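The structure under discussion appears below in the form of structure tokens.
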Amino acid sequence: MDLCAAVAEDVAICPGEIKQISTGISVSIPFGYEAQVRPRSGLALKHGITLVNTPGTIDSDYRGLISLILTNLGKEVYVVKRGARLAQMIIHEVVRAEVEEVEELSETVRAHGGFGHTGV
């Protein structure tokens, strides 16, 4: 679903700036689920507007107003207007892992190869 700006007046976001923008909505997410908030591709491509923490996670125990942390990676000032579609939110099931402490890890072909290791 789209998340829209619930600003009282226009908000200018200068290049390199970060602003918190209210959506004006609150949610009650059932236990075992989370909401993921993602940037809109059109805003990213056309204006360089994205979310600082993407995807943002809204846990099932959160009760409160949803706000977006927007940043302007573009070269021009971007003006947020009331009702502007700024992000998208999906509801996703959460799998709860059971953590087990071990002395050694199992072997794999990749082993400890890190960033840039696959596809080489």
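The values are calculated or read from the model by the stated rules, or taken from the named source; none is laboratory data. Note that the structure is predicted; figures quoted are calculated from it, not measured. Cβ: placed from backbone, ideal geometry, glycine included. Neighbour counts: every protein chain shown.
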Quiz item: Scanning for something modelled with pLDDT of 95 or more, touching a strand residue (DSSP E or B) at 6+ places or on another chain (Cβ under 7 Å), within 26 Å of GLU76 (Cβ to Cβ) and loosely packed, with under 14 Cβ neighbours inside 10 Å, does the stretch 35-46 turn up at least one residue?
Solution: no
Practice problem: Please go through the stretch 22-49 and pick out each residue that is over 17 Å from ARG85 (Cβ atoms) and of a type outside the set (A, V, I, L, M). | Solution: SER26, SER28, PRO30, PHE31, GLY32, TYR33, GLU34
Quiz item: Residue check: is ALA97 in contact (Cβ under 8 Å) with a residue 60 or more places away in the chain and assigned to a loop (DSSP other than H, G, I, E, B)?
Solution: no
Practice problem: Of the conditions (1) modelled with pLDDT under 95; (2) among the β-branched types (Val, Ile, Thr); (3) assigned to a strand (DSSP E or B), ILE66 clears all except one; give me its number. | Solution: (1)
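Give the residue that is farthest from ILE66 (Cα to Cα), with candidates limited to residues of the stretch 1-31 that are small (Gly, Ala, Ser) and over 19 Å from the mean Cα position of the chain (by Cα). Give the steps one after another, and end with the answer.
Within the stretch 1-31, the first condition is being small (Gly, Ala, Ser), and the residues that meet it are 5-6, 8, 12, 16, 22, 24, 26, 28.
Still in the list and also over 19 Å from the mean Cα position of the chain (by Cα): 8, 12.
Values: ALA8: 16, ALA12: 20 Å.
Checking each candidate, the answer is ALA12.
Conditions tested, residue by residue: (1) under 14 Å from ARG85 (Cα atoms); (2) surrounded by 17 or more Cβ atoms within 10 Å (Cβ to Cβ); (3) not aromatic (Phe, Trp, Tyr).
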{"residue": "GLN20", "(1), (2), (3)": "no, no, yes"}
{"residue": "LEU51", "(1), (2), (3)": "yes, yes, yes"}
{"residue": "ILE58", "(1), (2), (3)": "no, yes, yes"}
{"residue": "GLY64", "(1), (2), (3)": "no, no, yes"}
Exercise. Give me a count of the residues in the stretch 33-90 that are in contact (Cβ under 8 Å) with a residue 60 or more places away in the chain and under 14 Å from THR23 (Cα atoms).
Key: 12
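Please verify whether the stretch 15-22 includes one or more residues that are modelled with pLDDT under 95 and assigned to a loop (DSSP other than H, G, I, E, B). Let's see the steps before the verdict.
First pass over the stretch 15-22, keeping only residues modelled with pLDDT under 95: none.
Among the residues of the stretch 15-22, not one is modelled with pLDDT under 95 and assigned to a loop (DSSP other than H, G, I, E, B), which makes the answer no.
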